[in-house]
Amino acid sequence: MPPPPRLLAVGDHHPPPTSASSPEHPFLSAHLLLPSPSPSPADLASPHLPLALAFSFLTHPSPLPAQPPRDPPRRRRSLPRLLLGLLLGPPLPPFPLLLTHSRTRLLLAVSELARAAAPGFPPLVVSLLRCVPFHGDARLIDLLSENACSLADEEPQLLVAAVFAFLRLLAKNRLTPFPSIADCKDCEECNNAKNLEECREKLVSFCCAILRDHFDVCSSLIGRDLVRSLHDVMLVPEFQILWKESMWNRAADICRVGMPGWCAAVAISPEMETQLLFMMNNVKWGDQKRYQLWFARKHLMVPGGEERIPDIIRFICCGYHPTNEVMQSGVIARWAVIGWLLTSCSKAYVQANAKLVLFYDWLFFEEGRDSVMNIEPAILLMVNSVSQYTEITNMLLEFLFLLIENYDLRRKEAIAQCVRRAFGVLVKKGVVLSLEPLTGSEKLSPLLRHKLVTFLSMSCPGTPEEACGKTVDEVSKGTELKKGVCSN
Amino acid sequence: MPNTKVSQADTAGVSRTVKLKDLVPAPTNTVNTTFIVLDKAAPRPPPPHHPQAREAATTCLALVADETAAAHFLLWGGECGAFEPGDIVRLTGGVFSCHRGSSLVLRAGRRGRAEKVGEFTMRFVETPNVSEVRWRTDPGDPQGMVQEAVLSPYSRVFKPMR
């Protein structure tokens, strides 16, 4: 009897699939109990059936049978049932561990589930979107394009998540070519699988089409980071046209909406999220060095890795707000993790973008609408670095003033008011007792200190709405920002 | 006959999984534990002209730890390339004893097995390091060992990173 097929690409020094500690185990044991892909009537009642069917689908060697002519509805009814285990079973093994063949099959399965609008499939698609780029990921764009109309009505959040994930991917250096697959050479399906890198044009037209046709949903669900992401791809002519035609006069309104945490999480992989959360929930001060080194080796020191630092910082600011209990438990704070990430940037444009995302919510801050937790890491990083790592505080303050002056020339005063308000709220809410550690620091650059004192002493004319809600031409500033802030 | 051993251990009430701080040198393959790999030294080629084929493998010393203590773990042959810093490893049937006469190391040995069961998400301490302890025979129990002296609170091979 041949050995059962495998789901995971793991070597000798991993638990065998028969061991309960293998993530493959629940699937394989269900398969061993119910090995037939065509279950008998008696098997239908078995609790193992969904997993057994999912296993058999993911490990099936050949492509799906050709679609029966003139009878598509029947297939649509039967396939999702076969794949129910993917939705109902225990979580799938981590995607990076899956064999290339199983990944290809999983993508095929997701296409079928999406086509049948099976309940519960959006989280599966989002989890795959968070893993791009990977071999064969072009199927995601196909399935989203094919189902865009129905998704816009029924699953707008999924569609918006896809637009955001693809915009981030299109940003500089994230779309890198893949080495050829090693573990599935014989399978036609895997060999023919396309990568998103090969269909950059399709990605661009998908994002433009969705943004054009579903602008309100995209802008209200992504918020101000939609503007930021578009600035990052402004050199692509299609996005320039889109910006001029339908966005430039609405940018100020979009920037009033903060990015929700789930959206921030879309731009980082589930594995990154797990490791960052572990650091910020479990690792005590002083013990973080090794974890940081492991994280950097795995996620940052790889092609396109450093370019993800701004998205990681954005996730820390908007996607994870620790409880008071966690903050008082002696674990490493968010601002310290961000400080480490900032000093890990070797490329100037990455560091500029990293500082921009750290202050992004400051530029549009409105009390009551924006969370103080989004702006908390930047102030704590500046205040806590001032005595020992003054160069960090100097660098951040200097950049903040640069943003106020240059981010959007026509809304300069509105942005200054928002930043002033952000400083005020941080003191009012007790995040810092006062701004004296900055304004009274002997170590801080005298020029910056003077600038800060003058800036804070200016009065706040007008209400927040008046100050931040003005609709102005932002298109030229978007390009200027790229030149001024994100050069190199 | 590993099964017999297991049942003996169970009837004697001995916990089958130990924390690193409870490791005591013994010549038996009975250590079951889980740790995270903190650091790895450069691999060492096998000693030339070694009479035993099994001994003729590349080795690599690693610093490992759990939430109670750290230890030196000797990676053997294929294990050298299979585990990286940050990997969570489960050791079954391992040995904690002096290797080649001097250093006290944990290793899988001939009958043990080391498996990667996770990554990153485990807390650890770097001191005490049970490989940096000198042991002597327990005067009250010739079969047992007791700690005689702590040679170093931290590993002297891998410097702590703080």
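Just a yes or no: is a residue in region B:136-152 aliphatic (A, V, I, L, M), part of a loop (DSSP other than H, G, I, E, B) and surrounded by fewer than 14 Cβ atoms within 10 Å (Cβ to Cβ)? There is at least one residue in region B:136-152 that is aliphatic (A, V, I, L, M), part of a loop (DSSP other than H, G, I, E, B) and surrounded by fewer than 14 Cβ atoms within 10 Å (Cβ to Cβ). The lone criterion from (1) at negative phi; (2) part of a loop (DSSP other than H, G, I, E, B) left unmet by A:Gly430 is number (1). Taking region A:111-214 as the region of interest, the helices (runs of 4 or more DSSP H) fully inside it that hold 1 or more residues being hydroxyl-bearing (Ser, Thr, Tyr) are A:121-129, A:138-146, A:148-154, A:200-213.
Can you confirm whether A:Val372 is surrounded by fewer than 21 Cβ atoms within 10 Å (Cβ to Cβ) and more than 16 Å from A:Phe399 (Cβ to Cβ)? Yes, satisfied.
In summary, A:Met301 fulfils each of the numbered conditions (1) buried (at least 17 other Cβ atoms within 10 Å of the Cβ); (2) aliphatic (A, V, I, L, M); (3) within 14 Å of chain B (Cβ to nearest Cβ) with the single exception of condition (1).
Against the conditions (1) free of Cβ contacts under 8 Å to residues at least 60 places away in the same chain; (2) crowded, with 19+ Cβ neighbours inside 10 Å; (3) part of a helix (DSSP H, G or I), A:Cys345 satisfies every one except (3).
The single residue among A:Ser62, A:Ser21 that is modelled with pLDDT under 85 and either of a type in the set (Asp, Glu) or outside any helix (DSSP H, G or I) (or both) turns out to be A:Ser62. Every test in (1) in contact with a His (Cβ under 8 Å, 6 or more places away or on another chain); (2) within 14 Å of chain A (Cβ to nearest Cβ); (3) surrounded by fewer than 16 Cβ atoms within 10 Å (Cβ to Cβ) is passed by B:Ser103 save one, and that test is (2). Just one of (1) part of a loop (DSSP other than H, G, I, E, B); (2) outside the structural domain of A:Gly223 (by TED's automatic domain parsing) fails for A:Asn249. It is (2).
Hey, can you tell me all the residues within region B:108-123 that are part of a loop (DSSP other than H, G, I, E, B) and either more than 8 Å from chain A (Cβ to nearest Cβ) or within 15 Å of the chain's Cα centre (by Cα) (or both)? Break it down stepwise before answering.
Applying the first criterion (part of a loop (DSSP other than H, G, I, E, B)) to region B:108-123 yields B:108-112, B:120-123.
Correct list: B:Ala108, B:Gly109, B:Arg110, B:Arg111, B:Gly112, B:Met122.
Just checking, which of B:Ala70, B:Ala62, B:Ala57 is surrounded by 15 or more Cβ atoms within 10 Å (Cβ to Cβ) and within 12 Å of chain A (Cβ to nearest Cβ)? Spell out how you get there, then give the answer.
Numbers: B:Ala62 fails: within 12 Å of chain A (Cβ to nearest Cβ); B:Ala57 fails: within 12 Å of chain A (Cβ to nearest Cβ).
The match here is B:Ala70.
Residue-by-condition table, conditions (1) small (Gly, Ala, Ser); (2) under 30 Å from B:Ala114 (Cβ atoms); (3) in contact (Cβ under 8 Å) with a residue 12 or more places away in the chain; (4) in contact with a Pro (Cβ under 9 Å, 6 or more places away or on another chain):
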site	(1), (2), (3), (4)
A:Leu8	no, yes, yes, yes
A:Asp12	no, yes, no, no
A:Ser22	yes, yes, yes, yes
A:His25	no, yes, no, yes
A:Leu34	no, no, yes, no
A:Ser40	yes, no, no, no
A:Leu44	no, no, no, no
A:Pro47	no, no, no, no
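Scanning region A:260-276 for residues that are in a helix (DSSP H, G or I), surrounded by fewer than 19 Cβ atoms within 10 Å (Cβ to Cβ) and more than 12 Å from every other protein chain (Cβ to nearest Cβ) yields A:Gly261, A:Trp262, A:Pro270. All told, A:Ser329 meets the bar of being within 14 Å of another protein chain (Cβ to nearest Cβ), surrounded by fewer than 16 Cβ atoms within 10 Å (Cβ to Cβ) and in a loop (DSSP other than H, G, I, E, B).
The values are calculated or read from the model by the stated rules, or taken from the named source; none is laboratory data. Just so it is clear, the structure is predicted and the values come from calculations on it, not from any experiment. Every residue, glycine as well, gets a Cβ built from its backbone with ideal geometry; the counts of neighbours run over all protein chains shown.
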